[in-house]
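One structure is given here, and the rest of the page talks about it.
The values are calculated or read from the model by the stated rules, or taken from the named source; none is laboratory data. Bear in mind the structure is a predicted one, so any value in this text is a computation, not a measurement. Here the Cβ is made from the backbone with ideal geometry for all residues, glycine too, and neighbour counts use every protein chain on show. Note: areas computed on protein heavy atoms with side chains; ligands, DNA, RNA excluded. Shrake-Rupley method; radii C 1.70, N 1.55, O 1.52, S 1.80 Å.
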Amino acid sequence: MKLESLPKSNETKARKRVGRGPGSGTGKTAGRGENGQKSRSGASISAWFQGGQTPIYRRVPKRGFNNARFETKFATINLSTLDKFFNDGDVVTPEVLKERGIIKKQLSGVKVLANGEITKKLTVKANRFSSSAVTKIENAGGKAEVI
């Protein structure tokens, strides 16, 4: 059997060439109709677009429970910042951090993160610590105390 003797299949159907004259059946407006938004070039309308009126997701009142209101946000501070602003043997508390302008708001508390290195022996009192921050503080000879 030769390739040219195989039966023709629909897989090799030629694509529709639009806008190629009146004899093609899809000439002039190329199957887009006469006027309107979709007849223009570059027209792509999102599925939720409603012709300029206020969309349904904005008209419907927002009801129900949302947990964002009760979220606990912590002011975060890195070990590199503590190392830069404090001397050896200092006690670091949220009040001291706010006093010196290192943090702006205490929010629900202060969390110490382990970004950077600490070389000084500090006593850090905070609401939360990352586990790697505790090990880095203790390896430097300091203490991490949860308030």
> Taking the chain as a Gaussian network, where each spring joins two C-alpha atoms under 10 Å apart, which residue of I118, I45, I77 fluctuates the most?
Replying inline: I45
>> Give me, ordered by chain and number, the residues 5 or more places off D90 or on other chains with an amide H under 5 Å from its own placed amide H.
In response: T123
> Just the accessible area per residue of the chain, please: how many Å² with a 1.4 Å probe?
Replying inline: 80
> What is the sum of charges around P94, taking Lys and Arg as +1, Asp and Glu as -1, for the other residues whose C-beta is under 15 Å from the C-beta of P94?
Replying inline: +4
> Simple spin-label model, 7 Å along Cα-to-Cβ: S130 to K104 in nm?
Replying inline: 2.2
> When DSSP assigns beta bridges and you keep just the ones with both residues in region 74-147, what percent turn out antiparallel, to the nearest 5?
Replying inline: 10
>> With bins 5 Å wide starting at 0, give me the P(r) of region 1-141 over every alpha carbon pair, in whole percents.
In response: 2, 7, 11, 10, 7, 5, 4, 4, 5, 6, 6, 6, 7, 7, 7, 5, 3, 1, 0
> Which percent, to the nearest 5, of DSSP beta bridges fully inside the chain are antiparallel?
Replying inline: 10
> If we count every other residue with Cβ under 15 angstrom of K105's Cβ, Lys/Arg +1 and Asp/Glu -1, where does the sum land?
Replying inline: +2
> Using a Gaussian network model of the chain with C-alpha springs under 10 Å, which one of K136, K104, K13 is most mobile by mean-square fluctuation?
Replying inline: K13
>> Under 10 Å, Cα contacts only: if you run a Gaussian network model on the chain, which one of N87, N35, N78 comes out with the highest mean-square fluctuation?
In response: N35
> Which value in deg cm²/dmol, rounded to the nearest 500, describes the helix-derived mean residue ellipticity at 222 nm for the chain, given -39,500 (n - 2.57) per DSSP H run of n ≥ 4 and division by the residue count?
Replying inline: -4000 deg cm²/dmol
> Taking 0.36 nm per residue of separation and subtracting the Cα-Cα distance, what length does fully extending D88 through R32 add?
Replying inline: 12.6 nm
> Gap in Å between the Cα centre of region 31-50 and the Cα centre of region 95-147?
Replying inline: 57
> What residues have an amide H closer than 5 Å to that of T76, excluding those fewer than 5 places away on the same chain, when H is modeled at 1.01 Å from N in the peptide plane?
Replying inline: K111
>> Testing the spin-label approximation: label points 7 Å from Cα along Cα→Cβ at I56 and K143. State their distance in nm.
In response: 6.2
